[in-house]
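First up is the structure itself, then whatever we jot down about it.
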Amino acid sequence: MKKIYGILLSLGIALLSMVLSGLVPIGSVAIAIILGAVFGNSIKIPSKFNEGITFSEKILLAIAISLMGIHLDFNVLGELGFNTILIIIISLVSTLFFTVYLAKKKGFDKDLGLILGIGNAICGSAAIAATKDIVKLNKDKAALAIAIVNLLGTVGLFVLPFIGILLGLSDVEIGILLGNTLQSVGHAVAAGFGVNETVGQSATIVKMGRILLLTPVILWLIYIVSKENAKKRENTNKFQVPSFVLGFIFFSLLATTGILPQAIEEGIAFICKMTLLVAMSAIGLKISFKAIKESGWDAFVFTGYIFKFQILLSVFLIAVLK
């Protein structure tokens with residue numbers, strides 16, 4: 001029963017973030033974290049709220065990640081065409097390798113750098129939420145990663161369409177550029193349909209293709225982390241898949257088979273969105289502005305390099321393969 005206080009507080013912040021997301025060009029997930037952080041750093045929250053906030057931050061987030069699979073329909077791959085799929089895969093793999101190289105060269109935090117790379121390479125906040133616990137990234141750094149990735153995505157949704165037009169790309173090619181570089185679905189959809197219907201549809205399909213790669217990236221990350229942990233323990237390698245990843249794969253297969261009525265899929269998607277927002281609000285409530293201030297600018301510059309790399313590589317691949 002003590003959990004109810006923290007859950008209700010997180011829920012209230014989540015609902016407010018939904019309202020505000022309709023007024024500003026920032027995703028509700030980022031707003032939920034920001035609001036939670038402002039509230040948590042402005043007011044001393046009574047201890048009776050702690051249990052519910054921790055429950056929201058951990059259990060509800062695991063549920064949200066599992067349900068997130070309902071958005072993944074692997075039939076989308078058939079709409080992309082071989083060359084576009086190749087562009088998406090090459091971009092993702094190259095971005096992750098570039099991120100690891102850049103972190104090593106700059107002496108940047110390895111885990112934070114990797115999560116920033118995954119957030120940029122796949123689907124922003126959702127990818128960060130799904131992978132942060134695998135590498136055991138602390139809540140301050142995870143929140144910082146979400147805030148930076150969303151900020152760059154918001155800038156990109158205004159700038160990238162003009163870049164595509166200035167380069168003389170066709171509508172479909174502009175859509176590929178937007179879908180292959182912008183961080184969240186909202187960013188890609190807003191930027192694409194802001195140009196015209198063709199660009200919007202192209203950007204949306206390419207973006208969904210990128211999101212489908214979240215599953216293999218999660219499994220790859222689990223494998224890498226398991227190997228590193230096994231080496232530290234000087235023990236046999238254990239490949240352990242968290243239950244929320246199994247749930248994520250299960251719901252993505254349900255979405256792909258199409259056996260669920262649309263109303264049920266929409267209901268699951270709504271529950272996913274709400275639990276994710278409540279979890280992000282709870283994470284925000286535990287954030288320390290002091291901790292973010294210490295590494296915020298370096299992380300922003302680091303992510304800027306990744307985003308520019310993605311854009312240049314996408315333009316090159318479109319020129320070569322389309």
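Just one of (1) in contact (Cβ under 8 Å) with a residue 12 or more places away in the chain; (2) within 16 Å of the chain's Cα centre (by Cα); (3) farther than 20 Å from A319 by Cβ; (4) in a helix (DSSP H, G or I) fails for R210. It is (3). Within segment 257-285, the set of residues being surrounded by 12 or more Cβ atoms within 10 Å (Cβ to Cβ) and in a loop (DSSP other than H, G, I, E, B) comprises L260 only. I need the full set of residues from segment 91-124 which are outside any helix (DSSP H, G or I) and either surrounded by 20 or more Cβ atoms within 10 Å (Cβ to Cβ) or among the aromatic types (F, W, Y) (or both), in order please. Within segment 91-124, F108, I122, C123 qualify.
When segment 159-196 is filtered for residues that are closer than 19 Å to I148 by Cα, free of Cβ contacts under 8 Å to residues at least 40 places away in the same chain and in a helix (DSSP H, G or I), the ones remaining, listed by number, are V159, L178, G179, A188, A191. Residue-level check: of (1) surrounded by 17 or more Cβ atoms within 10 Å (Cβ to Cβ); (2) assigned to a loop (DSSP other than H, G, I, E, B), D133 misses just (1).
For segment 143-160, taking the residues that are among the small types (G, A, S) and at pLDDT 85 or above, the one that is farthest from A190 (Cα to Cα) is identified as A145.
Across segment 243-255, a minimum of one residue is classified as loosely packed, with under 13 Cβ neighbours inside 10 Å, more than 29 Å from G153 (Cα to Cα), over 16 Å from the mean Cα position of the chain (by Cα) and modelled with pLDDT under 80. Of all residues in segment 304-311, at least one satisfies being surrounded by 14 or more Cβ atoms within 10 Å (Cβ to Cβ), of a type in the set (S, T, N, Q), part of a helix (DSSP H, G or I) and at pLDDT 90 or above. None of G69, G78 is within 21 Å of A255 (Cβ to Cβ), exposed (fewer than 15 other Cβ atoms within 10 Å of the Cβ) and not polar (S, T, N, Q) except G78.
Please find, among I90, I63, I85, the residue that is closer than 30 Å to T275 by Cα, among the β-branched types (V, I, T) and out of contact with any Asp or Glu (no Cβ under 7 Å at 6 or more places or on another chain).
That would be I63, the only listed residue that is closer than 30 Å to T275 by Cα, among the β-branched types (V, I, T) and out of contact with any Asp or Glu (no Cβ under 7 Å at 6 or more places or on another chain).
Would you mind stating whether T154 is surrounded by 23 or more Cβ atoms within 10 Å (Cβ to Cβ) and of a type in the set (S, T, Y)? In short, no. Applying the condition of being surrounded by fewer than 20 Cβ atoms within 10 Å (Cβ to Cβ) and of a type in the set (A, V, I, L, M) to segment 170-189 and asking which residue is farthest from F316 (Cα to Cα) yields V189. Being without any contact (Cβ under 8 Å) to a residue 12 or more places away in the chain and closer than 21 Å to I13 by Cβ is the filter here, so list the residues in segment 259-272 that pass it. If the condition is that a residue be without any contact (Cβ under 8 Å) to a residue 12 or more places away in the chain and closer than 21 Å to I13 by Cβ, then F270 is the only one that fits. The residues listed here are V24, V19, V38; of these, the one that is loosely packed, with under 14 Cβ neighbours inside 10 Å, at pLDDT 85 or above and β-branched (V, I, T) is V19.
The values are calculated or read from the model by the stated rules, or taken from the named source; none is laboratory data. Model, not experiment: these values are computed from the prediction. Every residue, glycine among them, receives a Cβ derived from its backbone with ideal geometry; neighbour counts consider all protein chains shown.
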